[in-house]
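The values are calculated or read from the model by the stated rules, or taken from the named source; none is laboratory data. Remember, it's a predicted structure, so these values are computed and weren't measured experimentally. All Cβ positions, even for glycine, are placed from backbone atoms using ideal geometry, and neighbour counts span all protein chains on display. Quick note on the areas: whole protein, heavy atoms, side chains included, nothing else; ligands and nucleic acids left out. Shrake-Rupley method; radii C 1.70, N 1.55, O 1.52, S 1.80 Å.
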Amino acid sequence: MLFLDKYHDPRKNAQLLSQITGNQLNYKQVLSETDRLFQQCVEKVPVPQPSNSPSPLTLSQKINEELFRLFAKPSQIVEPTQTHVDSEGNVVPEWKTKLDEEYEHLLHTITKEVNIEDYGGIGDGITDNTVAFKKAIGNGRVKVIVPAGVFFTKGICLPSWTYLVGAGKWKTTIKLHDDAPKGTRLITNTNHWKGNHHVLVQGLSLDWNVERLGNAEKTSTWGNYSSCLTYANVTYGWVKDVEGINPGLHCFDISSTLYNYGGDGYRAKGGSKYVWLDNLNGYGFGDDGITTHHSDYIFISRSHMCDPSGRAHNRGFSNSNGIEVDDGSSNVLLVNNSTTRCFGGVEIKAHQNSSAASNVKIVGHISVNDNRSYNFRHIGHHKSTDPESKTAYNIVAINLAAIAPIFTNLYQYSTPRGLVVSAYKNVVINHFSLIGDPEYNYQDNPVIAIQYRARNVILNNISIKNFKSAGVGIKIYGGSNKADSVTISNVEVRDSATKAIDIGAGVKDILVKKVIVEEKASKK
């Protein structure tokens, strides 16, 4: 069985994915095919969901939402941005050309290049370099070079027009000082309220130094604090070739000024936009490896997140995901990333009192031993007695691999799944390989679950194998919380499950075609 450690080189993910799936996809063709499937989703009128009056809020909940709405704006589902294959064969968002132009603008605007050692910086793993970094960075328009070594600091703030670069991951380490408070962000931008722009961090390991907290029950404070790197209200940002080590909360957080819980239908003001994260590694995170909140036009590529501590949560209830596209985020593209031994490999979601992430596309992903390889949900909008989500729309995923999902101590009551879709509408999964461990006990659980009022879901080119102890390959849940308007096509189930497909009671609109079942499994 495949094992990826914290030193895995995610630049090899595209090649590794082809080896896992046995397919060398022509992305131009597959993107075009998937766009057609998505258009079918958008144009189809789904089976109506039950109409229920939401439960009344308590006085404290009402006050809380009204306070957050002071810093919020109405949420809108906008047109998804297009994705294409560039001249070098890379899958990129249509707006990357704009970001590349701004990168050149950054380089031409920088007026000086300095070395942290010229300002008294010492990478001896002992000296506090906080003042040296502050002097070297100044008011921006500067490229700050950090040589190999371990540089302690109590936090670094980057103004606009700043390029901070080290000698490379595992060579240059910036580490939080033992006296830094729990809420410290190791690196962030200077002004979360007014915002910053043109900020680049490259070629570093960022050690949040969680050991300084001893046996603290929780390793984070609140909001977007306690992380290795936080961009809050940043326009035109880059994080490249960087490692995040043992943060109290997140390795990398692309965020708004404040997380916002003003209710479904509202987004935070001050979100980040046009940010590219590439070739990142992260592990030991208290919550998520990479996360986005209330931000737009985010590109996450060739990154690897693994082995969270989960210590930002109560023990046994850790929703610690490798990559999480969270509350209010929109037009986010993930390409050729990998995750392992997390709660969720990729989770696209929102909290009950926030807008859901929308317009999210995944092109190529490897999930190994994550509890829920791919988990799409809007919490608090699942049951027939919950209000219908206003914002959980538009997810497209191409060329996914879910390898041996497992039970985990991170979330003790969560059963393994290759894919879960809850509450979302307009979801297309095209080319998905699910490979189980034939010796593992999946305790009759389904491999794929479409549930909790999901609508307009298309599963196409699905391969399931070696889930010998699973109960069903693809389960469409029925009952009062049923999913509906689901299309399943071109499915192969081998050496897996007692059933290939199970359709629950009351599901009205379901199309199943071209299913091949071999050996133990039998089609229903």
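Annotations
Conditions (1) of a type outside the set (Gly, Ala, Ser); (2) out of contact with any Gly (no Cβ under 7 Å at 6 or more places or on another chain), marked per residue:
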| site | (1), (2) |
| --- | --- |
| GLY183 | no, yes |
| VAL199 | yes, no |
| GLY203 | no, no |
| PRO247 | yes, no |
| CYS251 | yes, no |
| SER255 | no, yes |
| LEU258 | yes, no |
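- Scanning the range 417-463 for residues that are touching a strand residue (DSSP E or B) at 6+ places or on another chain (Cβ under 8 Å) and of a type in the set (Ser, Thr, Tyr), we see that the one that is nearest to THR391 (Cα to Cα) is TYR424.
- Residue, surrounded by the most Cβ atoms within 10 Å (Cβ to Cβ), within the range 179-227, restricted to residues that are farther than 19 Å from PHE133 by Cβ and among the hydrophobic types (A, V, I, L, M, F, W, C): VAL210
- Checklist (1) modelled with pLDDT of 95 or more; (2) out of contact with any strand residue (DSSP E or B) (no Cβ under 7 Å at 6 or more places or on another chain) applied to ARG315, failing item: (1)
- Any hit, the range 342-354, residues being buried (at least 24 other Cβ atoms within 10 Å of the Cβ), at pLDDT 95 or above, outside any strand (DSSP E or B) and hydroxyl-bearing (Ser, Thr, Tyr): yes
- Per-region count, the range 161-178, residues in contact (Cβ under 8 Å) with a residue 40 or more places away in the chain and in contact with a helix residue (DSSP H, G or I) (Cβ under 8 Å, 6 or more places away or on another chain): 4
- Taken over the range 216-251, the criterion of being within 22 Å of HIS313 (Cα to Cα), hydroxyl-bearing (Ser, Thr, Tyr) and within 17 Å of the chain's Cα centre (by Cα) is satisfied by SER227, THR230.
- Search result, residues across the range 99-124 that are in contact with a Phe, Trp or Tyr (Cβ under 7 Å, 6 or more places away or on another chain) and either free of Cβ contacts under 8 Å to residues at least 60 places away in the same chain or among the basic types (Lys, Arg) (or both): ILE110, ILE116, GLY121, GLY123
- Checklist (1) touching an Asp or Glu at 6+ places or on another chain (Cβ under 8 Å); (2) touching a residue at least 24 places away in the same chain (Cβ under 8 Å) applied to VAL30, failing item: (1)
- Helices (runs of 4 or more DSSP H) contained entirely in the range 1-82, each with at least 1 residues that are of a type in the set (Asp, Glu) and open to solvent by less than 70 Å² (accessible area, probe 1.4 Å): 27-43, 59-69
- Flag if VAL42 is touching a helix residue (DSSP H, G or I) at 6+ places or on another chain (Cβ under 9 Å) and of a type outside the set (Asp, Glu): no
- Given (1) open to solvent by less than 40 Å² (accessible area, probe 1.4 Å); (2) out of contact with any strand residue (DSSP E or B) (no Cβ under 9 Å at 6 or more places or on another chain); (3) over 29 Å from MET1 (Cβ atoms), index of the condition THR487 fails: (2)
- Where a residue in the range 420-445 is open to solvent by 40 Å² or more (accessible area, probe 1.4 Å) and its partner, wherever it lies, is of a type in the set (Lys, Arg), with Cβ under 7 Å and at least six apart: PRO438/LYS468
- Of the residues making up the range 164-178, those that are open to solvent by 20 Å² or more (accessible area, probe 1.4 Å) and more than 10 Å from LEU204 (Cβ to Cβ) are LYS175, HIS177, ASP178.
- Options GLY203, GLY214, GLY271; residue that is under 20 Å from SER160 (Cα atoms) and free of Cβ contacts under 8 Å to residues at least 40 places away in the same chain: GLY203
- From the options ILE254, ILE298, residue that is within 14 Å of the chain's Cα centre (by Cα), more than 28 Å from ALA180 (Cα to Cα) and assigned to a strand (DSSP E or B): ILE298
- Residue count for the range 383-400 satisfying the condition of being more than 15 Å from VAL428 (Cα to Cα) and open to solvent by less than 20 Å² (accessible area, probe 1.4 Å): 2.
- For the range 93-119, a residue qualifies if it is among the aliphatic types (A, V, I, L, M) and within 19 Å of THR235 (Cβ to Cβ), and the qualifying residues are LEU99, LEU106, LEU107, ILE110.
- Those residues of the range 134-154 which are without any contact (Cβ under 8 Å) to a residue 40 or more places away in the chain, within 16 Å of SER205 (Cα to Cα) and open to solvent by less than 20 Å² (accessible area, probe 1.4 Å), in sequence order: VAL144, GLY149, PHE151, THR153
- Each residue in the range 314-332 was checked for being open to solvent by 10 Å² or more (accessible area, probe 1.4 Å) and of a type outside the set (D, E, K, R), and 3 of them qualify.
- Exclusive hit being touching a residue at least 40 places away in the same chain (Cβ under 8 Å), of a type in the set (Asp, Glu), touching a Leu at 6+ places or on another chain (Cβ under 6 Å) and crowded, with 24+ Cβ neighbours inside 10 Å, set ASP287, ASP253: ASP287
- Of the strands (runs of 3 or more DSSP E) lying entirely inside the range 417-524, those carrying at least 1 residues that are modelled with pLDDT of 95 or more and either in contact with a helix residue (DSSP H, G or I) (Cβ under 9 Å, 6 or more places away or on another chain) or among the hydroxyl-bearing types (Ser, Thr, Tyr) (or both) are 417-422, 425-435, 455-465, 484-494.
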